[in-house]
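To keep things clear, I will list the structure first and then write my remarks on it.
The values are calculated or read from the model by the stated rules, or taken from the named source; none is laboratory data. None of the values given here were measured: they were computed from a predicted structure. Heads up, the Cβs are rebuilt from the backbone with ideal geometry, glycines too, and the neighbour counts pull from every protein chain shown.
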Amino acid sequence: MDLPLVLRRIGETRLVYGIPLWYRLVMGGILALLVASLVVAGGTPGLVAWIVLSVALLAFLYEERWDFDRTQAVLVHSYGLLLLSKRGRVPFASIKSFYLMPWVRGSIPGSDEERLGNESTLLMSRGGLSSEEKSGRRPSLFRKPYLSLAIETEEGRLIVNMAPARRSPALRAVAVELSDFCSKPLEEAD
């Protein structure tokens, strides 16, 4: 499942990029319905019911959150289950830039096909038409273009989010807002 992250501003000094509230509410509703149906049915649940219930509980408790705090000049990345989530801290001073990278699933790295797909993805992220849309061709079922948002730090690159090319303008808007908020440059892969 492709779960889009949502950018929220908390006051003037914080931005949070994470799982939307609607996702948590939907997963909580599904979990409540499953538990209610097990209670109403009575008896002991079977193996499949326990598996479905466990998956719903894990989906409800899952956390993916990037918290940008300007007052402390730090980025805190939380991921995992709410109660057992891992946290990583990155000071703003160690952030070199925000980075947009195209990637085409199903293409051979270094090929002309990959290069054209990458160019098309970057063009779509700026609001343009893909090469398939321009030529009237149907998009390939096996090659799917994506745009990744990464943070380049002194220690390496952190992938923040990856979105299909059709949603890349929204990811680009998030990248612009984050780079402005942190006063860091926004770069693109060639």
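Summary of values
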read-out: Residue count, region 127-140 (criterion: surrounded by 11 or more Cβ atoms within 10 Å (Cβ to Cβ) and either at pLDDT 75 or above or more than 21 Å from Ala173 (Cα to Cα) (or both)); value: 6
read-out: Verdict on Ala173 being surrounded by 13 or more Cβ atoms within 10 Å (Cβ to Cβ) and either of a type in the set (A, V, I, L, M, F, W, C) or over 19 Å from Leu116 (Cα atoms) (or both); value: no
read-out: Residue match in region 34-42 (condition: under 19 Å from the mean Cα position of the chain (by Cα), of a type outside the set (Val, Ile, Thr) and at negative phi); value: no
read-out: Residue that is more than 21 Å from Ala175 (Cα to Cα) and modelled with pLDDT of 95 or more, where the choices are Gly106, Gly29, Gly46; value: Gly29
read-out: Neighbours by Cβ (under 8 Å, 6+ apart or cross-chain): first from region 41-57, farther than 17 Å from Gly29 by Cα; second of a type in the set (A, V, I, L, M, F, W, C); value: Pro45/Leu38; Pro45/Leu53
read-out: Selection status of Met27, in contact (Cβ under 8 Å) with a residue 60 or more places away in the chain and out of contact with any Pro (no Cβ under 8 Å at 6 or more places or on another chain); value: no
read-out: Restricting region 74-119 to residues that are in contact with an Asp or Glu (Cβ under 8 Å, 6 or more places away or on another chain) and assigned to a helix (DSSP H, G or I), the residue that is surrounded by the fewest Cβ atoms within 10 Å (Cβ to Cβ); value: Leu82
read-out: Filtered residues of region 6-27 (kept if in a helix (DSSP H, G or I) and surrounded by 15 or more Cβ atoms within 10 Å (Cβ to Cβ)); value: Tyr23, Arg24, Met27
